[in-house]
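Values quoted throughout were computed directly from the atomic coordinates according to the rules given, and no laboratory measurement underlies them. Please read all numbers here as calculations on a predicted model, not as lab measurements. Neighbour counts run over all protein chains shown; Cβ positions are idealised from the backbone, glycine included.
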Amino acid sequence: MTRVAILRYPGTWSERDFQHALSLVEGIETEIVWHAECDLGGFDAAIVPGGFSYGDYLRAGAIAKLSPGTKELRRFADEGGAVLGSCNGFQILCEAGLLPGALVRNASLEYRCDWIHVRIESDRTPFTTGLRRQVLRMPIGHGEGRWVADPDTLAAVEAAGQVVFRYTDAAGAATADANPNGALANIAGVSNRAGNVVGLMPHPERCAEALLGGTDGYRIIANLAKAPHGTAAAVYR
Amino acid sequence: MPRFVARVLIRPKAEIRDPQGEAISGALRSLGHEIADVRTGKEILVSFDAADERAARDEAARMGDELLANPVIESYAVEVEAVRTEAHA
């Protein structure tokens, strides 16, 4: 059994969707944990779901980064635990400095709620094993999803293979039209250097069964059942 | 200790595109204003007690570094002003 913790901050709204999606994967058991009394000991992976933690006040994820849950998440990540942040979870991981860059207002200034495609650029993470070069179709729903970084950080992230997801068209071409928010280099998701912490703007939990119009998200979360138990540091470093 | 108000002015770094500023530019041009550029930011006012103006400025800068601005995308400036309150009058 892979034990997955799903973090809940005040304002998180995708934790039950993740719990449901993960219940479709054999070999995974989940627990929703409240950020203030968060102990990730005994878990193999942690999910930081989407929502509007702390009302997105100040900046999306800015207040959540100070929570005891985020402190525990940092300890867990440092020990090599697998961490996935989606949407607001990605924003929190960037604000906390667990992932490079930042997420700012969409270039269009519009909240985008749509189906998009991403190409998987790296399989050196616990969530994308065996998926490199695959194009997945997933939903997005965000107003602040434009990933930005200074030119040195962007170059370092590209060179180290930390770009995990890139917005493309259905054929896998990273065109400007396929970029829903103006993100630098069409970047939809990145990892830390070790590869055990991953963030993305799309919602894999909202496309894990045919009833919801797509199953590509299942291919990401199902990888967790194969994730190494306990500390993954040796594998992903 | 005297009371101070720190005015923390936060703006997107020059290399970060500011679509809100671009939208405002367009709106101002539609009113006939000849606009070269518009950049938006935010102002945060923090009131607190400190030993003196220098201590207040240092503390406000720490608030900027720790929380109020994200150094990846924003820069900030601090102005500090002493205020008279009833308790301190």
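Expressed to the nearest 5 percent, the antiparallel share of DSSP beta bridges inside the protein assembly as shown is 70 percent. The relative contact order of region A:49-161 comes to 24 percent, based on Cα pairs under 8 Å that sit 6 or more residues apart.
The Cβ shell under 13 Å around A:Val135 holds other residues with a net charge of +3, Lys and Arg each +1, Asp and Glu each -1. Sorting B:Arg84, A:Arg16 from the fewest to the most surrounding beta carbons within 10 angstrom yields B:Arg84, A:Arg16. This model, with +1 at the C-beta of Lys and Arg and -1 at the C-beta of Asp and Glu, gives region A:1-90 a dipole about its Cα centre of some 360 debye. For region A:2-236, a simple Cβ point-charge model (Lys and Arg +1, Asp and Glu -1, everything else neutral) yields a dipole of about 260 debye relative to the Cα centre.
Taking amide H positions as placed in the peptide plane 1.01 Å from N, state which residues far from A:Val164 in sequence (5 or more) or on other chains have amide H under 5 Å from it. Amide H neighbours of A:Val164, under 5 Å, 5+ apart: A:Gly189, A:Val190, A:Ser191. Roughly how far apart, in whole Å, are the Cα centres of region A:31-53 and region A:77-127? Between the Cα centres of region A:31-53 and region A:77-127 lies a distance of 16 Å.
Net charge in the neighbourhood of B:Gly21 (other residues with Cβ under 13 Å of its Cβ; Lys, Arg +1, Asp, Glu -1) is +4.
The loop-placed trypsin sites (Lys or Arg not before Pro) in region A:127-162, going by DSSP, that have at most 16 neighbouring Cβ atoms within 10 Å of their Cβ come out as A:Arg132, A:Arg133. Would you mind checking the tilt of helix B:53-63 against the longest principal axis of the Cα atoms of chain B, expressed as 0 to 90 degrees and rounded to 10? Helix B:53-63 and the main axis of chain B meet at about 50 degrees. For chain A, the relative contact order works out to 22 percent when only alpha carbon pairs closer than 8 Å and six or more residues apart are counted. Seen through its C-alpha gyration tensor, with square-root eigenvalues sorted a ≥ b ≥ c, region A:80-237 comes out oblate because a/c lies at 1.5 or above while a/b is not bigger than b/c. Look at the Cα gyration tensor of the protein assembly as shown: its axes a ≥ b ≥ c give a/c of at least 1.5 with a/b at or below b/c, and that counts as oblate. Neighbour counting of Cβ atoms within 10 Å sorts the residues A:Met138, B:Met63, fewest neighbours leading, into B:Met63, A:Met138. Listing A:His20, A:His203 from fewest to most neighbouring C-beta atoms within 10 Å gives A:His20, A:His203.
Net charge in the neighbourhood of A:Ile92 (other residues with Cβ under 14 Å of its Cβ; Lys, Arg +1, Asp, Glu -1) is 0. Excluding same-chain neighbours fewer than eight residues apart, the lysines reachable from B:Lys13 by a Cα-Cα span under 20 Å are B:Lys42.
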